[in-house]
Amino acid sequence: MEIKRVRSIFRYAYEAHLVDAPVRFGPGFVGPSRRELRCERQQNGPRMFEAVEIKTMLATASVPMRAMILLGVNCGFGNTDVANLTVQNLDLEGGWCNYPRPKTGISRRCPLWPETVKAIVAALEVRPKPQDKADDDLVFITPAGQRWVRVWTRGEPMGAHADLENLARVSRVDRVTSTMAQLLAKLGLARWGHTFYALRHTFETIAGESRDQVAVDAIMGHSREDMASVYRERIGDDRLRAVAEHVRQWLLENSMEAARQSTS
């Protein structure tokens, strides 16, 4: 990841005419191969949470984090998704979330579980007042009155290479990641690759077992870039509900089974 970041800075500098020639990084400054990444994933195990782990987190998490976790496993939301979610994206009475994916702009329509709706309502009731008027419509605000994920540029640009300096000054604060890490450590569930974003992996994995990958992609905001995706104009709400309910039943049934085994 760090290699990609460094290379992207110098690539931007060249494309923005801030340097005269592309930088030669040399053979030692390359990222791991796909084979190496696959081997690492196999060594570290699946990057997802099991149902009993999610139920454990939900029982201990704060009010806003509980709603975020449910959105993660119900809709496949990531950190930026929950941080930028607005009230306008939600139809809590109907149980729907219509929310273009911030990363790609691809539209998403997700059926909300009753548990998710209840958790969102609870989070809105205790939501702090935002420091910035522009954040008034956000569903989640930190106790300090800020966005849960913030990206900004530190300081003022200086000199002839102001664009490059601005890029180097970009900072990111992700309270979703840090709060989730604290929760997992408290519960003894912390391990490699298991961050808040692993809930998105969980949804994709379990939802895929519904055997309706088209509906799964529609909820996840994935684009296959194939001709079928170009021609497909809509997906029935019944298919989206079936996928969401499949994941919900997995969460409820597996967590209850684990609870029965622990008491037997």
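The values are calculated or read from the model by the stated rules, or taken from the named source; none is laboratory data. Quick caveat, the model's predicted, so the values are computed rather than measured. Please note: Cβ atoms are built from the backbone with ideal geometry, for glycine as well, and neighbour counts cover all protein chains shown. Note: areas computed on protein heavy atoms with side chains; ligands, DNA, RNA excluded. Shrake-Rupley method; radii C 1.70, N 1.55, O 1.52, S 1.80 Å.
Observations, loosely collected:
- Any chance A59 is within 19 Å of R248 (Cα to Cα) and surrounded by fewer than 13 Cβ atoms within 10 Å (Cβ to Cβ): yes
- Search result, residues across segment 67-111 that are over 16 Å from the mean Cα position of the chain (by Cα) and among the hydrophobic types (A, V, I, L, M, F, W, C): V87, L90, L92, W96
- Number of residues in segment 98-128 that are in a loop (DSSP other than H, G, I, E, B) and among the β-branched types (V, I, T) equals 3.
- In segment 62-82 there is at least one residue that is open to solvent by 30 Å² or more (accessible area, probe 1.4 Å), polar (S, T, N, Q) and at pLDDT below 95.
- Among residues of segment 95-116 that are within 21 Å of K55 (Cα to Cα), those with a beta-carbon under 6 Å from a residue that is open to solvent by 20 Å² or more (accessible area, probe 1.4 Å) and among the basic types (K, R) at least six positions away or on a different chain give the pairs P111/R241; W113/R248.
- Residue list for segment 116-139, restricted to those being open to solvent by less than 60 Å² (accessible area, probe 1.4 Å), more than 16 Å from Q88 (Cα to Cα) and out of contact with any helix residue (DSSP H, G or I) (no Cβ under 6 Å at 6 or more places or on another chain): P128, P130
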